[in-house]
Every structure is written in structure tokens, then in C-alpha cells.
1. In whole Å, what are the extents of segment 10-56 along the principal axes defined by its C-alpha atoms, from largest to smallest?
2. Sort 55-63, 7-15 by the packing proxy (mean of other Cβ within 10 Å over each peptide's residues), most packed first.
3. So how do 36-45, 114-123 stack up, highest first, on mean other-Cβ count within 10 Å?
4. Got a sec? How would Val54, Val26 order by Cβ neighbour count within 10 Å, fewest to most?
5. Kindly write out, for segment 30-44 in residue order, the coupling ³J(HN,Hα) from the Karplus curve 6.51 cos²θ - 1.76 cosθ + 1.60 (θ = phi - 60°), rounded to whole Hz, with x marking Gly and Pro.
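Readers should treat all values here as calculations from the given coordinates under stated rules, not as data from a laboratory. Computed from a prediction, not measured in an experiment: that's the story for all the values here. A quick note on method: Cβ atoms are made from the backbone with ideal geometry, for glycine too, and the neighbour counts reach across all protein chains shown.
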Amino acid sequence: MKPSYSSYSDDEIARYVLGLDMPDRVADIQSRLAHDDAAAARALKWEAYFLGIVDALPVQPPPDAVLDRIRQSLGMEMEEPPVMGEARISEAGPRPAPGGEPPRRRARPGTRLRRGRVAMALGIAVVLCLAALALWASLRPAPAGTVVQHPVHLGSR
């Protein structure tokens, strides 16, 4: 016997896909989607539709206030440059560290990016050297006079 779930309309599933549904109904809708292929197909249809709208929007960088709130919610320090290496100059001076400790010295934004590029270049160089060494070892002929032993299986007949 199948468990009974409440039936959801197309609009209710669309609201769920957008994340606009009430938190107390989310678990019920997720359970329904896990067991009802038709409801799951409608949810996927709405997801593809909304993603098509988002993909058609022009690319626009988020406002600094939004980035600051994201960094705050992730526990990142405000002076730290964004991950992609873009530098942003802080309007305020250096903030004192919590606990009255002197502020830590930070590397300039460009220094961190250069270090990453140098590390990546060194990694690529090491991989290329190892690949060349492996290729050289595989192409080198065996020295003359080398005895190659092949296993012999003695079976009872």
C-alpha cells in the first residue's frame, strides 16, 4: 500500500522550486517528490524553466553590500580580498584584532595571486618532468645480457 501524500498543484510546486514555500510544508513536498514521479517531473520542468530565465539575464556583478553580507555570514574577514584575485581597497583603516592583539600583517592582494600562479607553474613543471622521465624509461631498451624470467605453472595432469 502506497503512503498517502497531499496533492500539490503546479503553482505550489513552482513556489517550492523557487524556495518561496512555507518551511512547514517543505518536508512534505520533498517526500512527495521522492515518491511521485509525476510531481518530480513537474518540479524538474519548473526548475528548467526558471534556470532558462536566469541564464537569459545579463551578467552583472553583485553590489559591494551584498558581497559584504555574504562574507560576514561565512565568517570571512572584511579586509580579505575576494577569491578571484580582484582587489578592493578598504575605505576604513585597519581594524584592531579582537582581544586587543595587534593587527596581523596582510600580504598585498597582488602578492597572493602571484604566489598562486608561481605554485601552479611549479606544479605543472613537476608533472611534465615526471611524465618525461616515465616516457624515457619506457622507451629505453633493456640492457644486453639481461635475463627475463617467465613464470612456469606446473599443474597436475
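1. Taking max minus min along each principal axis of the Cα atoms, segment 10-56 gives 32, 22, 14 Å.
2. Top to bottom by mean Cβ count within 10 Å: 7-15, 55-63.
3. The peptides rank, most packed first, as 36-45, 114-123.
4. Val54, Val26
5. Each residue's phi maps through the Karplus curve to give 4, 5, 4, 5, 6, 10, 10, 4, 5, 5, 5, 5, 5, 5, 5 Hz.
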